[in-house]
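Undergrad: Dropping the structure in here first, questions after.
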Amino acid sequence: MVALARSRRPQNAEERFAADVIGGLTATPKSLPPKYFYDAIGSELFERITELPEYYPTRCEMKILSDHAGDIAQLIPQGSALIEFGSGSSKKARIILGAAASKLAAYVPVDICREMIEQEAAELRPDFPSVKVLPVSADITQMFPLPPEAKAPPLRVGFFPGSTIGNFEPHEAAAFLSTAAKLLGARARLIVGVDLVKATDVLNRAYNDKAGVTAKFNLNLLKRINRELGGNFRLECFEHHAFYNCEQNRIEMYLASMKRQKVKVAGETIDFRVGETIHTENSYKYSVESLAALARGAGWRPLAAWTDARKYFSIQVFERADERPLRAAE
Ligand code: AVJ
């Protein structure tokens, strides 16, 4: 089935994965989409990353959310549905639910990892009995339908934490913000968590942890390809590389081939030169202003923004700019 990867349009998740992998590995330079990191093992490894001493984003974001939970709750209109894009473990949504449960009719965690969200939904329900928890398993980079019960409340609030927006190219981030504006509807609000530009050494350490968990997370992509697409990558022949590119404001992550080798994937043979890399992730860093500019261009108006004491991370709240403020000569 996967051998059809190149011959026609992919029909389901497995064929799309095969087509994306073959497309990426036969391109020059080679690349793989970072969304495929998150199988069950990858999602667990990412949870471990969030606990590493070097990986500051999650702790900073949790601190900002806790410190400003009351402020955030005030910006959530009564009876809203909270839609979280790329929810993972839902532990950030718990902070918002804790402060705004009485205002929220529904919570809709959307994630590519089905095992993860079903499990988390089951754990959330008893803690927030008044909120309907409606998990959706979808790829947030594609348009997806909201459950009818999430469309019933008068208003929707999007939640896009974790600096997941940093995985998109800036033009893709703008497209995502436009799609979110459409999906969430009139007068929607959007809460975005985004990692900020900072000293290069802090960034480099966050993606090159001493315990090697980030390397394991990166290499797990090859393990997943081996298992799901009949690949024969030898993990010991590839190496994790990550560094901050300060011209492009992004962390770049690669898997480098340590020798000349051939690898089979989904019936295709892929050649690697010594040192040849697979680009597996970009993680863009923004300023409060640069993200606000991107959001403005996508139909959102900034309402509030908070950072931690070191200004490492930010939480920014926007409102859909459908009712334009009155202007003098129009
Ligand atoms: C989940 C995309 C925010 O870019 O920091 C962590 C993923 N990659 N370590 C990030 C990641 C390597 C993470 N995001």
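The values are calculated or read from the model by the stated rules, or taken from the named source; none is laboratory data. Computed from a predicted model, the values in this text were never measured in an experiment. Positions of Cβ are backbone-derived with ideal geometry, glycine not excepted, and every protein chain shown enters the neighbour counts. Remember, those area values only see protein heavy atoms, side chains included, never the ligands or the DNA or RNA. Shrake-Rupley method; radii C 1.70, N 1.55, O 1.52, S 1.80 Å.
Undergrad: Is the stretch 90-103 home to any residue that is at pLDDT below 95, more than 20 Å from A186 (Cα to Cα) and in a helix (DSSP H, G or I)?
TA: Taking every residue of the stretch 90-103 in turn, at least one turns out to be at pLDDT below 95, more than 20 Å from A186 (Cα to Cα) and in a helix (DSSP H, G or I).
Undergrad: Can you report the number of residues in the stretch 254-300 which are buried (at least 17 other Cβ atoms within 10 Å of the Cβ) and among the basic types (K, R)?
TA: The qualifying residues number 1.
Undergrad: Right, L146: modelled with pLDDT of 95 or more and either touching a helix residue (DSSP H, G or I) at 6+ places or on another chain (Cβ under 8 Å) or more than 28 Å from E115 (Cβ to Cβ) (or both) or not?
TA: Here the answer is no, as L146 does not meet what is asked.
Undergrad: Filter the stretch 34-64 down to residues that are among the acidic types (D, E) and part of a loop (DSSP other than H, G, I, E, B) and give me whichever is least open to solvent (accessible area, probe 1.4 Å).
TA: D39
Undergrad: Oh, and also: Filter the stretch 22-33 down to residues that are within 16 Å of the ligand (Cβ to nearest atom) and open to solvent by 30 Å² or more (accessible area, probe 1.4 Å) and give me whichever is nearest to Y254 (Cα to Cα).
TA: Result: S31.
Undergrad: Is it the case that the stretch 158-166 has a residue that's of a type in the set (S, T, Y), closer than 30 Å to F243 by Cβ and within 12 Å of the ligand (Cβ to nearest atom)?
TA: Yes, some residue in the stretch 158-166 is of a type in the set (S, T, Y), closer than 30 Å to F243 by Cβ and within 12 Å of the ligand (Cβ to nearest atom).
Undergrad: Another question, if that's okay. Restricting attention to the stretch 132-159, which residues are within 20 Å of N282 (Cβ to Cβ), touching a residue at least 24 places away in the same chain (Cβ under 8 Å) and surrounded by fewer than 17 Cβ atoms within 10 Å (Cβ to Cβ)?
TA: Matches in the stretch 132-159: D139 only.
Undergrad: Another question about this same structure. Select from the stretch 180-195 the residues that are charged (D, E, K, R) and buried (at least 22 other Cβ atoms within 10 Å of the Cβ) and write down the one among them that is nearest to the ligand (Cβ to nearest atom).
TA: D195
Undergrad: Which one of these does G98 not meet: (1) open to solvent by 10 Å² or more (accessible area, probe 1.4 Å); (2) farther than 28 Å from A304 by Cα?
TA: All conditions pass for G98, except number (2).
Undergrad: Scan A69, A19 and give me the residue that is away from the ligand (no atom under 14 Å from the Cβ), open to solvent by less than 40 Å² (accessible area, probe 1.4 Å), among the hydrophobic types (A, V, I, L, M, F, W, C) and without any contact (Cβ under 8 Å) to a residue 24 or more places away in the chain.
TA: Answer to the selection: A19.
Undergrad: Of everything in the stretch 186-225, what is over 18 Å from T58 (Cβ atoms) and either at pLDDT below 95 or of a type in the set (K, R) (or both)? Give them in sequence order.
TA: Selection gives A186, R187, R189, K223, R224.
Undergrad: Sticking with this structure for a sec: Would you be able to say whether some residue in the stretch 160-179 is exposed (fewer than 15 other Cβ atoms within 10 Å of the Cβ) and modelled with pLDDT under 95?
TA: no
Undergrad: Among what's in the stretch 5-16 and is outside any loop (DSSP other than H, G, I, E, B) and more than 22 Å from the chain's Cα centre (by Cα), pick the residue that is surrounded by the most Cβ atoms within 10 Å (Cβ to Cβ).
TA: Among them, the one singled out is A5.
Undergrad: Within the stretch 196-250, how many residues are within 13 Å of the ligand (Cβ to nearest atom), crowded, with 19+ Cβ neighbours inside 10 Å, among the charged types (D, E, K, R) and not in a loop (DSSP other than H, G, I, E, B)?
TA: Count: 1.
Undergrad: If you scan the stretch 42-71, which residues turn out to be at pLDDT below 95 and among the aliphatic types (A, V, I, L, M)?
TA: Within the stretch 42-71, none qualify.
Undergrad: Among the strands (runs of 3 or more DSSP E) lying completely within the stretch 271-326, list those that include at least 3 residues that are closer than 25 Å to Q74 by Cβ.
TA: 300-307, 313-320
Undergrad: OK, next. Name every residue in the stretch 72-90 that is crowded, with 16+ Cβ neighbours inside 10 Å and farther than 16 Å from F318 by Cα, in order of residue number.
TA: G86, S87, G88, S89, S90, listed by residue number.
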